[in-house]
Amino acid sequence: MFGKTRNFSIEAVWPIVISGGLLVLWEAAVRGLHIRSIILPPPSEIFLTMIERRDLLLTHLWPSLYLTVLGFWLSVVGGIAVAILVTYSTIMRKGFYPIIIVSQVIPKISIAPLFIVWFGTGTVSELLLAFLITFFPMTINSALGFQSIDEDIGLMARTFMGSDWQIFWKIRMPNALPYIFGGMKISITLAIIGVIVSEFVASQEGIGYLIKLAGGLLDTPLMMAAITVLSISGLALYGLIAYAERRAVYWQASSDISSSAGG
Amino acid sequence: MSTLPESKEKTHAEPSSPALRIKNVRKFYDDLEVIKNVSLDIAQNEFVSVLGPSGCGKSTLLMLITGLVNCSDGEISIMGEPVRGPRPEIGMVFQQPVLLPWRTVLDNVLFPIELLRLSRAKYVERAMELLAMAKIDDFAHHLPRQLSGGMRQRASICRALVHNPRVLLMDEPFSALDALTRDEMGVELLRIWQVNRKTVIFVTHSIREAAFLSDRVVVMGRRPATIIEEMTIDLPRPRQIGLTEDERFNQYVRGLRKAIEASHVR
């Protein structure tokens with residue numbers, strides 16, 4: 001356990017050193033070349049803006065986060081449900097699943113204006129886009145997880161008189177967990193994109209709206225502060241899922257060879 | 001060590017009747033005849049190996065005995081009762097250990113107990129005794145990935161025995177192991193079997209393995225599979241690895257090889 005933590009911190013040093021170096025370079029370049037902050041504000045100014053205008057940023061961050069998380073959960077629940085249907089129903093698997101996969105080629109973002117026509121500007125449109133954009137990776141990953149059961153494991157369970165119900169809960173579900181978490185990690189970043197794009201086109205609040213507003217006012221420091229806040233939030237959400245994954249999928253825990261037995 | 005609870009004898013058949021009776025069994029997959037008229041009686045607690053080339057239908061025969069696949073013709077009965085589907089009297093060991101990676105070794109061994117909806121608490125002790133007999137009780141609370149291939153297969157043998165089945169089916173259980181581990185596992189299996197007497201049907205394509213383990217070896221020919229030779233291995237038990245040096249053992253091996261070669265010529 002300690003060994004892993006130490007390795008992790010050593011691994012983390014390099015990206016931190018390099019990004020720190022880039023920030024210093026950025027700061028020096030902006031000051032040295034007298035670049036106007038409307039074109040490119042230095043990191044220090046972005047940081048100051050984040051502190052000075054934290055109330056404004058937070059006011060717009062919450063609705064975005066709220067919709068991101070809600071849309072994400074809808075797609076997790078919906079994606080897993082559809083994946084189970086696809087696993088057990090031949091009609092779903094042979095009829096609908098190909099349609100689901102083919103419809104993936106539609107750039108979901110392009111549907112955003114259509115949603116505004118149908119549902120107006122605001123929460124519903126944003127939620128739907130976040131859901132739509134995340135639903136496919138969730139469904140496809142989960143379906144793969146439920147279906148990629150080792151043939152011998154299924155045979156073993158049947159030999160010991162396992163019922164379909166038992167096989168689902170005791171084999172398919174745990175087998176699907178790593179795949180489901182894989183889908184969740186893709187989906188959470190996509191959900192943010194969905195919400196932000198909706199806010200660009202159809203909202204009076206949210207970080208996406210704030211970014212667009214600041215852009216219109218040529219308030220580049222505020223814009224970049226908003227982008228930074230958004231990135232940090234995205235990173236935090238992703239980290240939360242990665243943490244939950246490590247706890248839930250304990251049997252795949254890294255290259256923990258130290259406690260394994262030889263012979 | 002030898003205090004494992006034996007299953008309560010509530011047999012409907014007379015004691016002399018075979019534990020397993022395979023009678024005129026045939027199996028077709030579509031038009032392909034896989035098994036052609038196989039009949040075989042196996043006595044209670046007898047260790048029988050089914051020996052034959054790969055793809056000859058040995059595994060299909062096991063599938064028929066589990067009841068997961070139906071015979072096209074003929075009948076299989078266990079303790080006088082015809083097999084119509086999976087039955088709790090059967091334990092099975094596969095070519096691969098097929099342990100569930102998210103369960104500890106102990107929980108893997110108790111998996112059939114859960115599937116059969118038996119009380120876990122009542123079988124934990126038995127599971128631990130089996131693991132001790134297989135010399136992997138120290139790893140009861142480890143995950144399968146922390147075990148070597150041989151240890152995993154031992155765990156899967158414990159799993160097959162945990163619900164105290166009458167019949168133990170083994171489908172080339174040691175073929176995925178290296179040669180040294182394989183010999184060792186054979187000795188271990190006999191030691192466990194000596195304490196947990198079961199009717200064993202052991203499918204293998206290793207002549208020496210079949211001769212070493214069995215009371216009787218049944219040789220199957222190429223597809224469609226029929227029994228082309230039966231040989232009783234009259235060697236004393238308990239058997240140790242030194243037996244493979246014995247001239248009588250090697251006579252059996254030669255005899256079995258001849259039978260297999262004869263089937264190739266035909």
State whether the residues of segment B:134-149 include one that is under 21 Å from B:ASP171 (Cα atoms), surrounded by fewer than 20 Cβ atoms within 10 Å (Cβ to Cβ) and at the interface with chain A (Cβ under 8 Å from one of its Cβ atoms).
yes
With criteria (1) surrounded by 13 or more Cβ atoms within 10 Å (Cβ to Cβ); (2) within 15 Å of B:VAL50 (Cα to Cα), B:LEU243 comes up short on (2)
Within segment B:233-253, tally of residues that are touching an Asp or Glu at 6+ places or on another chain (Cβ under 7 Å) and under 15 Å from B:ARG216 (Cβ atoms):
1
With B:ASP183, B:ASP178, B:ASP138 as the choices, which residue is charged (D, E, K, R) and modelled with pLDDT of 95 or more?
B:ASP138
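Taking the conditions exactly as written (out of contact with any His (no Cβ under 7 Å at 6 or more places or on another chain), farther than 21 Å from B:ASN108 by Cα and acidic (Asp, Glu)), does A:GLU126 satisfy them or not?
yes
Helices (runs of 4 or more DSSP H) wholly in segment B:22-123 with at least 3 residues that are farther than 26 Å from B:SER175 by Cα, within 14 Å of chain A (Cβ to nearest Cβ) and without any contact (Cβ under 8 Å) to a residue 60 or more places away in the chain - which ones?
Because the criterion is at least 3 residues that are farther than 26 Å from B:SER175 by Cα, within 14 Å of chain A (Cβ to nearest Cβ) and without any contact (Cβ under 8 Å) to a residue 60 or more places away in the chain, the helices (runs of 4 or more DSSP H) in segment B:22-123 that meet it are B:111-115.
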B:ILE22 fails exactly one of (1) crowded, with 23+ Cβ neighbours inside 10 Å; (2) within 14 Å of B:GLY221 (Cα to Cα), namely (2)
Across segment B:143-165, the tally of residues that are within 24 Å of B:ASP183 (Cβ to Cβ) and β-branched (Val, Ile, Thr) stands at 1
Among the residues listed as A:LEU218, A:LEU237, the single one being more than 21 Å from the chain's Cα centre (by Cα) and either more than 14 Å from chain B (Cβ to nearest Cβ) or at pLDDT below 95 (or both):
A:LEU218
Within 14 Å of chain B (Cβ to nearest Cβ) and either assigned to a helix (DSSP H, G or I) or surrounded by fewer than 17 Cβ atoms within 10 Å (Cβ to Cβ) (or both): which single residue out of A:MET224, A:MET161, A:MET156 fits that description?
A:MET156
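From B:GLN240, B:GLN194, which residue is more than 14 Å from every other protein chain (Cβ to nearest Cβ) and more than 19 Å from B:ALA43 (Cα to Cα)?
Answer to the selection: B:GLN240.
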Checking B:ARG126 against (1) under 21 Å from the mean Cα position of the chain (by Cα); (2) over 27 Å from A:ALA248 (Cβ atoms); (3) not in a helix (DSSP H, G or I), only one condition comes out false. Which one?
(3)
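Conditions tested, residue by residue: (1) surrounded by fewer than 19 Cβ atoms within 10 Å (Cβ to Cβ); (2) under 30 Å from A:PHE146 (Cβ atoms); (3) in contact (Cβ under 8 Å) with a residue 60 or more places away in the chain; (4) among the aliphatic types (A, V, I, L, M).
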residue: A:VAL24; (1), (2), (3), (4): yes, no, no, yes
residue: A:ARG36; (1), (2), (3), (4): yes, no, no, no
residue: A:PRO41; (1), (2), (3), (4): no, no, yes, no
residue: A:ARG54; (1), (2), (3), (4): yes, no, no, no
residue: A:GLY78; (1), (2), (3), (4): yes, yes, yes, no
residue: A:ALA83; (1), (2), (3), (4): no, yes, yes, yes
residue: A:THR87; (1), (2), (3), (4): no, yes, yes, no
Looking at segment A:142-151, can you tell me whether even one residue there is closer than 23 Å to B:MET92 by Cβ, within 14 Å of chain B (Cβ to nearest Cβ) and either part of a helix (DSSP H, G or I) or polar (S, T, N, Q) (or both)?
yes
I'm told B:GLN251 meets every condition in (1) assigned to a helix (DSSP H, G or I); (2) closer than 29 Å to B:MET151 by Cα except one. Can you identify the failing condition by its number?
(2)
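The values are calculated or read from the model by the stated rules, or taken from the named source; none is laboratory data. Please read these numbers as outputs of a predicted model, since none were measured by experiment. Glycine gets a Cβ as well: all are built from the backbone with ideal geometry, and neighbour counts include every protein chain shown.
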